[in-house]
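Engineer: Pasting a structure here, questions to come.
Laboratory data are not the source of any read-out in this text; all were calculated from the coordinates shown. Fair warning: this is a prediction, and the values are worked out from it, not measured in the lab. With ideal geometry, Cβ positions are generated from the backbone for all residues, glycine too; neighbour counts draw on all protein chains shown.
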Amino acid sequence: MSRRPINIGGKESVIIIRIQKSRKENWKKLCSKKHISLTSLIIDSVESRILDNESRKTLAFIKNRIIFLERLNSF
């Protein structure tokens, strides 16, 4: 198993991910088509999920505030 360091924020780290061989091959094909590295695909996907989750939390907060303000105005 190859353990190449990943440079994140000036620090190098090794992260080992266990996935099915077929899934890895599919990801590698996708990376080849997009001309990106497998590392970039994984990092971008994880960061995108984190941002999506933060967006959902923000929208939920805004929706709750709107409902609260509507209830206040109805009194």
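Engineer: Angle between the Cα long axis of helix 38-74 and the longest principal axis of the chain, 0 to 90 degrees, nearest 10?
Structural biologist: 0
Engineer: So how tilted is helix 21-34 from the main axis of the chain? Cα-based, degrees 0 to 90, rounded to 10.
Structural biologist: 80
Engineer: Can you give the charge dipole size of the chain about its Cα centre, rounded to the nearest 20 debye, using +1 on the beta carbon of Lys and Arg and -1 on the beta carbon of Asp and Glu?
Structural biologist: Details: 17 positive and 7 negative charges, 86 e Å.
It works out to roughly 420 debye.
Engineer: Something else about it: Over the chain, how many percent of alpha carbon pairs lie in each 10 Å bin up to the one with the longest distance?
Structural biologist: Taking every Cα pair in the chain, the percentages come to 15, 30, 23, 14, 11, 7, 1.
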